Amino acid sequence: MQSQTTSKLTDSARKLLEGKNLLYIGTINRDGTPQITPVWVDTDGTHVLVNTAVGRVKQKNVTRDPRVTLALNTPTDFYDVALIRGRVIEQISGPQADKHIDKLAKKYIDKDVYPWHNANEKRVILKIKPERVVSR
């Protein structure tokens, strides 16, 4: 596998982020152990966008320590991969985060509205700035 390394999203990484691929996000727990979660993902072309809820483990972890490691590949070619290290530079909540989870529901499960909305949860977008990108 020939790969390229850069500090910005490559075309191949962007294509994977735009596709219907799960992203594995690694954060650091308070005790220093890694925490990994499969999530739906999006990109604005420059940043990686992950939608979660305030109070979830990954959101608490990146509030304390913004460093993340991300991995994704296509389900049909496990070597079509992007590995990204970066930092959460912003947490966006409110109507923008609610609209974003609906957009992801359309992408991943073909539903116009996220079917698991919970009035007790506050959605938040984790905006991640890539610092190291390795992709094929």
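Remark: pairs (first residue in region 27-50, among the basic types (Lys, Arg); second residue open to solvent by 30 Å² or more (accessible area, probe 1.4 Å); Cβ separation under 8 Å; 6+ apart in sequence or on different chains) = Arg30/Arg64. Just one residue in the set Lys107, Lys8, Lys103, Lys15 is in a helix (DSSP H, G or I), within 18 Å of Lys129 (Cα to Cα) and among the basic types (Lys, Arg); that residue is Lys15. I'd like to know if region 92-99 contains one or more residues that are open to solvent by 20 Å² or more (accessible area, probe 1.4 Å), closer than 17 Å to Gly26 by Cβ and touching a residue at least 12 places away in the same chain (Cβ under 8 Å). Looking through region 92-99, none of the residues is open to solvent by 20 Å² or more (accessible area, probe 1.4 Å), closer than 17 Å to Gly26 by Cβ and touching a residue at least 12 places away in the same chain (Cβ under 8 Å). Among residues of region 106-126 that are within 16 Å of Ala53 (Cα to Cα), those with a beta-carbon under 7 Å from a residue that is part of a loop (DSSP other than H, G, I, E, B) and of a type in the set (Val, Ile, Thr) at least six positions away or on a different chain give the pairs Lys122/Val54; Val124/Val54.
Only a single criterion out of (1) free of Cβ contacts under 8 Å to residues at least 40 places away in the same chain; (2) open to solvent by 70 Å² or more (accessible area, probe 1.4 Å); (3) of a type outside the set (A, V, I, L, M, F, W, C) is not satisfied by Tyr79, namely (1). Being farther than 15 Å from Lys129 by Cβ, surrounded by 15 or more Cβ atoms within 10 Å (Cβ to Cβ) and touching a residue at least 40 places away in the same chain (Cβ under 8 Å) is the filter here; which residues of region 51-73 pass it? Scanning region 51-73 gives Asn51, Thr52, Ala53, Lys58, Gln59, Ala71, Leu72, Asn73.
Hey, among the residues in region 18-42 that are in a strand (DSSP E or B) and among the polar types (S, T, N, Q), which one's nearest to Val134 (Cα to Cα)?
Filtering first and then ranking leaves Thr27.
When the test is whether a residue is touching a helix residue (DSSP H, G or I) at 6+ places or on another chain (Cβ under 8 Å) and either closer than 22 Å to Asn21 by Cβ or assigned to a strand (DSSP E or B) (or both), Leu72 passes it.
The values are calculated or read from the model by the stated rules, or taken from the named source; none is laboratory data. Values in this document were obtained by computation on a predicted structure and should not be read as measured data. Note: ideal-geometry Cβ built from the backbone for every residue, glycine included; neighbour counts use all protein chains shown. Surface accessibility is based on the protein's heavy atoms, side chains included, excluding ligands, DNA and RNA. Shrake-Rupley method; radii C 1.70, N 1.55, O 1.52, S 1.80 Å.
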